[in-house]
1. Looking only at residues in region B:205-219 that are farther than 17 Å from A:PHE83 by Cβ and of a type in the set (A, V, I, L, M, F, W, C), which one is surrounded by the most Cβ atoms within 10 Å (Cβ to Cβ)?
2. State whether the residues of region A:157-165 include one that is among the acidic types (Asp, Glu), facing another protein chain (nearest Cβ under 7 Å) and assigned to a loop (DSSP other than H, G, I, E, B).
3. I need the full set of residues from region B:207-235 which are in a helix (DSSP H, G or I) and farther than 29 Å from A:PHE102 by Cβ, in order please.
4. Would you point out the residue of region B:83-100, among those that are buried (at least 23 other Cβ atoms within 10 Å of the Cβ) and part of a loop (DSSP other than H, G, I, E, B), that is nearest to the other protein chains (Cβ to nearest Cβ)?
5. Of the conditions (1) touching a His at 6+ places or on another chain (Cβ under 6 Å); (2) surrounded by fewer than 23 Cβ atoms within 10 Å (Cβ to Cβ), A:VAL70 clears all except one; give me its number.
6. Considering only region A:136-148, I want to know if a residue exists there that is facing chain B (nearest Cβ under 10 Å) and in contact with a Gly (Cβ under 9 Å, 6 or more places away or on another chain).
7. Just checking, which of B:LEU243, B:LEU218, B:LEU205 is under 29 Å from B:ARG57 (Cβ atoms) and hydrophobic (A, V, I, L, M, F, W, C)?
2 protein chains.
Amino acid sequence: MNNTIETLLNHKTIRNYKKDDISDELLNNILEGGIRASTTGNMQVYSVIVTKDQDKRNELCKLHFGQKMVEDAPVILTFCADFNRFNKWCEQRDAEPGYDNFLSFVTAAIDALLAAQNVCVAAESEGLGICYLGTTTYQADKLIDFFNLPKGVVPVTTVVVGYPDEDPEQVDRLPMEGVIHHEEYKDYSKEEIDNIYSFKESLPLTKQLIEENQVENLAQIFTDKRYTKKDNIHFSNVLLKVLKDQGFMNND
Amino acid sequence: MNNTIETLLNHKTIRNYKKDDISDELLNNILEGGIRASTTGNMQVYSVIVTKDQDKRNELCKLHFGQKMVEDAPVILTFCADFNRFNKWCEQRDAEPGYDNFLSFVTAAIDALLAAQNVCVAAESEGLGICYLGTTTYQADKLIDFFNLPKGVVPVTTVVVGYPDEDPEQVDRLPMEGVIHHEEYKDYSKEEIDNIYSFKESLPLTKQLIEENQVENLAQIFTDKRYTKKDNIHFSNVLLKVLKDQGFMNND
């Protein structure tokens, strides 16, 4: 087991941060690690916005549903799919960009996400903690206003970075055979589903959550409380409108 | 500079592989690193399909536009956004899943991509080489047939893994200030675009490519040869149809 794999295996999401700054040198090293991630055709069709200013983080915190770590942690990184820069370059070179469509958004989002994960790995290897904010896609329209993002730019994820002020237990994962398929996709029997989720369902934390949420089981916490159909449909339409408004839905 | 950041900074895409197998133990370690990546709400809404069989790799090679490394490298990993397993679990628990919409696809795709990048970092830390296949999104419909993927499952990227049979020069990246923004998104002036792309445009490889492709400049290689508007529109519609067929576009 080498140090890098150890870093990956020791990952824990951190939600409580010290107010300590991250030095410019360290932040720079981490971001350098990010921009070395694979990128489609070496186009690097993403941008990263670094938010350190306390007032801006307070505002950003509200947009991320009040998740307090956005105020507390010293650095917030917003990763955007970005064809704006590439399109401008093409236009300045008498080349006609054809990147105002859905595939181009997906390409740029993939670039942004691979860079984000490299940044997280680099940060954790230096003793920093990280947390991804899923609220980024829900609030993409408001983040576009906040950062004044031009056409061709869509935020896809946000990473909170800072020095951990907690040392939580590592959370569970499904057993490997639950997520890895060999040679073909083997669809799941009823028994296999029961087996894959049995460890998660048996955890004391799960029992506590079921009690707190007054539901029958863990699955209902997801469907009825955390990620409801109503919210998902609402945010699906927000995100599809964002893609249209930012110029990524000209598919004919 | 620690070992992990060094691994990230030394990344090179590998396109020529030895036929040597990867041991089960090593492959397992790498995949363990992958499933430790952050995942929305700890749902792990992705699957990884491992292809090692030579006949299957030969078939898969054709689907990936004949990129020979798919035949040569011992392991091909197809990362899929996957709500099928989660939906089945919900249904078995009297919980009604609301994950047949666009936001849920994006959520699952993010999960899949973060896991993929962890796998790549783990692989490279062990001296293996990797290459992402962008053809995955273009050929999602055909890959769904090939792997017989049920509703709720969409391939989003593929990673070729094996022992390198080449040691290429590391490719360029845009300067940091080209992709990182501080506090706000600073849109690019004409001069800034020229500066950001000047190093890339000055490279001997760029000059060679321009000559080979008989175009005026590097930007035109992208717009006229590699990633054309016509192809992008075609594959956008393929991918949108795939999302619909796999049950991710019920947004009302």
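Only the coordinates and a few stated rules stand behind these numbers; no lab work does. Here the structure is a predicted model, which means the values were calculated and not measured. Cβ atoms come from the backbone with ideal geometry, glycine included; neighbour counts cover every protein chain shown.
1. Within region B:205-219, the first condition is being farther than 17 Å from A:PHE83 by Cβ, and the residues that meet it are B:205-217.
Applying the additional criterion that residues be of a type in the set (A, V, I, L, M, F, W, C) yields B:205, B:209-210, B:215.
Working: B:LEU205: 12, B:LEU209: 15, B:ILE210: 16, B:VAL215: 18.
If we take residues in region B:205-219 being farther than 17 Å from A:PHE83 by Cβ and of a type in the set (A, V, I, L, M, F, W, C), then B:VAL215 is surrounded by the most Cβ atoms within 10 Å (Cβ to Cβ).
2. First pass over region A:157-165, keeping only residues among the acidic types (Asp, Glu): A:165.
Filter again for facing another protein chain (nearest Cβ under 7 Å), leaving none.
Within region A:157-165 (the criterion being among the acidic types (Asp, Glu), facing another protein chain (nearest Cβ under 7 Å) and assigned to a loop (DSSP other than H, G, I, E, B)), the answer is no, since none of the residues qualifies.
3. Step one: filter region B:207-235 for residues in a helix (DSSP H, G or I), giving B:207-213, B:218-226, B:229-235.
Once the filter is applied, which keeps residues that are in a helix (DSSP H, G or I) and farther than 29 Å from A:PHE102 by Cβ, region B:207-235 yields B:LYS207, B:GLN208, B:ILE210, B:GLU211, B:GLU212.
4. It comes out as B:TYR99.
5. Going through (1) touching a His at 6+ places or on another chain (Cβ under 6 Å); (2) surrounded by fewer than 23 Cβ atoms within 10 Å (Cβ to Cβ) one by one, A:VAL70 breaks only (2).
6. Scanning region A:136-148 turns up no residue that is facing chain B (nearest Cβ under 10 Å) and in contact with a Gly (Cβ under 9 Å, 6 or more places away or on another chain).
7. B:LEU243
Quick grid of which residues meet (1) surrounded by 15 or more Cβ atoms within 10 Å (Cβ to Cβ); (2) within 17 Å of the chain's Cα centre (by Cα):
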site: A:PHE102; (1), (2): yes, no
site: A:ALA109; (1), (2): yes, yes
site: A:ALA112; (1), (2): yes, yes
site: A:ASN118; (1), (2): yes, yes
site: A:ILE144; (1), (2): yes, yes
site: A:GLU177; (1), (2): no, no
site: A:ASP187; (1), (2): no, no
site: A:LEU203; (1), (2): no, no
